[in-house]
Amino acid sequence: MKKTKIVCCYLVTLMIIMSLIGCGNQGSGPAAEGAGSDNVPVEEQGSNETEESDKTDSADEKIVVGVSQCTTQEERWRNDSNALQALADEMGIELKMVDATNETSAQATQIENLISSGVDVLLVSPTDSDAIAPSLEEAKKAGIPVVVWGRQANTDCQDFFIINDFVMTGREMAKIALETCSEGNVVLIGGDKSTTVPTEMTEGMMSALQEKLDSKEMKIVFEQYITNWAPDGAMSAMENALTQLNNDVDLVLCHNDGMAGGAIQALEGQGLAGQIPVVGMDAELAALQRIAEGKQYSTVIFDHSGTASICLNAAVALARGEDVSGLKTKDTEISGSQIPTADIPIIIITKDNMDSVCIDSGIHTREEIYK
């Protein structure tokens with residue numbers, strides 16, 4: 001009897017154990033098979049899928065850069081815009097680009113709209129160095145990093161500054177002019193002084209001419225600064241200069257090619273085009289054509305692709321909260337702050353090197369220049 005009881009107890013115990021094992025399998029078997037052959041619990045695999053999805057979404061998310069362009073009416077700025085768009089397409093960056101057409105109030109409104117649209121970073125070429133300040137201050141209040149390029153903004157509400165050394169540019173423009181004219185009367189037609197660029201360019205030009213001015217070999221006989229850098233304004237200024245000086249002009253220094261074109265129109269009216277050297281800046285196609293024709297002596301080309309690269313790499317780094325010190329070449333003191341700054345190199349173009357700089361590099365075709 002005792003033996004029978006022991007066997008029964010054993011059987012009962014065995015049945016309980018088997019029952020418990022069966023319950024355990026029911027809890028994991030079908031779910032594990034549905035999850036995969038490696039029996040990863042549903043909860044863990046779901047977590048991994050979520051993490052992978054988050055990583056993919058983060059990697060695929062485009063950085064949106066709001067680009068407030070001062071103008072695209074001038075070829076130099078159009079070239080910058082085209083280079084920015086081409087590189088943005090390569091980098092997978094979305095650009096929201098607007099054109100202020102050199103209107104200060106329009107730029108303020110456009111930047112306000114870009115801020116409202118929620119761009120990740122703001123890239124600005126100012127129409128006016130002082131008037132742009134409130135707009136950039138609003139961007140910073142909204143937590144949007146700011147990159148300024150091409151013209152200075154007189155506010156420390158910016159994170160990176162990309163600029164040509166316009167003092168150096170003006171100096172090089174005047175130095176090349178001295179190769180063809182080293183004495184006589186000089187007319188200087190400068191850009192709109194609402195930015196610092198014309199002041200800096202004139203400073204550079206004067207430094208190159210100073211020795212000639214001191215020796216009285218050269219004289220600045222007419223100097224005028226043109227609102228909005230307008231070619232027709234430059235033409236009127238040149239006409240006035242020719243009238244006042246009875247056409248006694250030996251050299252014309254213009255701060256950009258548009259105004260150089262206006263000045264040359266005035267010279268053409270007096271039959272003097274090609275007889276008086278005219279220098280400009282921006283390497284507009286029309287200027288290159290005038291150089292080919294002998295009506296303009298020189299121009300300046302900027303590295304548009306290099307500019308776009310610095311602009312967008314700085315913008316991306318700032319949007320990601322990364323350090324931009326590796327991109328800078330110097331610091332610029334603006335409103336009491338040191339702003340990381342990158343310089344853009346220039347090339348002076350004359351008839352001697354125009355083919356190698358502009359045609360061999362693919363910027364323009366021979367047919368475009370020598371029409």
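Within the stretch 221-232, restricting attention to residues that are in contact with a helix residue (DSSP H, G or I) (Cβ under 7 Å, 6 or more places away or on another chain) and assigned to a strand (DSSP E or B), which residue is least open to solvent (accessible area, probe 1.4 Å)? Spell out the reasoning first.
Filtering the stretch 221-232 for residues in contact with a helix residue (DSSP H, G or I) (Cβ under 7 Å, 6 or more places away or on another chain) gives 221-222, 224-227, 229, 231-232.
Within this subset, residues satisfying the condition of being assigned to a strand (DSSP E or B) are 221-222, 224-225.
Numbers: Val221: 40, Phe222: 24, Gln224: 65, Tyr225: 60 Å².
Per the criteria, the residue is Phe222.
Which condition breaks for Asn82 when tested against (1) closer than 19 Å to Thr341 by Cα; (2) within 11 Å of the chain's Cα centre (by Cα)?
Failing condition for Asn82: (1).
Scan (1) crowded, with 22+ Cβ neighbours inside 10 Å; (2) not in a loop (DSSP other than H, G, I, E, B); (3) not β-branched (Val, Ile, Thr) for the single condition Leu213 breaks and write down its number.
Result: Leu213 passes all but (1).
Residue by residue through the stretch 168-184, note down the ones that are polar (S, T, N, Q) and open to solvent by 30 Å² or more (accessible area, probe 1.4 Å).
Within the stretch 168-184, the subset polar (S, T, N, Q) is 169, 180, 182.
Scanning the stretch 168-184 gives Thr180, Ser182.
What single numbered condition from (1) at pLDDT below 95; (2) open to solvent by less than 40 Å² (accessible area, probe 1.4 Å); (3) charged (D, E, K, R) fails to hold for Asp192?
Looking at each condition in turn, Asp192 falls short on (1).
So for the stretch 125-146 (the condition being farther than 30 Å from Ala241 by Cβ, part of a loop (DSSP other than H, G, I, E, B) and of a type in the set (D, E, K, R)), does at least one residue qualify?
no
Looking at the stretch 332-348 only, could you name the residues that are under 22 Å from the mean Cα position of the chain (by Cα) and open to solvent by less than 70 Å² (accessible area, probe 1.4 Å)?
Of the stretch 332-348, the ones under 22 Å from the mean Cα position of the chain (by Cα) are 332-335, 337-348.
Listed by number, the residues that qualify are Thr332, Ile334, Ser337, Ile339, Pro340, Thr341, Ala342, Asp343, Ile344, Ile346, Ile348.
Go through the stretch 263-317 and give me each residue that's open to solvent by less than 40 Å² (accessible area, probe 1.4 Å) and acidic (Asp, Glu).
Asp282, Glu284
When both residues are 6+ apart or on different chains and their Cβ atoms are under 9 Å apart, which pairs have a first residue that lies in the stretch 200-215 and is more than 28 Å from Arg151 (Cβ to Cβ), and a second that is at pLDDT 95 or above and among the acidic types (Asp, Glu)?
From residues that are more than 28 Å from Arg151 (Cβ to Cβ), the pairs are Glu211/Glu217; Lys212/Glu183.
Please enumerate the residues belonging to the stretch 92-109 that are assigned to a loop (DSSP other than H, G, I, E, B) and either open to solvent by 40 Å² or more (accessible area, probe 1.4 Å) or free of Cβ contacts under 8 Å to residues at least 24 places away in the same chain (or both).
Residues of the stretch 92-109 that are assigned to a loop (DSSP other than H, G, I, E, B), as a first pass: 92-93, 100-103.
If the condition is that a residue be assigned to a loop (DSSP other than H, G, I, E, B) and either open to solvent by 40 Å² or more (accessible area, probe 1.4 Å) or free of Cβ contacts under 8 Å to residues at least 24 places away in the same chain (or both), then Thr101, Glu103 are the ones that fit.
The values are calculated or read from the model by the stated rules, or taken from the named source; none is laboratory data. Please read all numbers here as calculations on a predicted model, not as lab measurements. Neighbour counts run over all protein chains shown; Cβ positions are idealised from the backbone, glycine included. The area values use the complete protein model at the heavy-atom level, side chains included, leaving out ligands, DNA and RNA. Shrake-Rupley method; radii C 1.70, N 1.55, O 1.52, S 1.80 Å.
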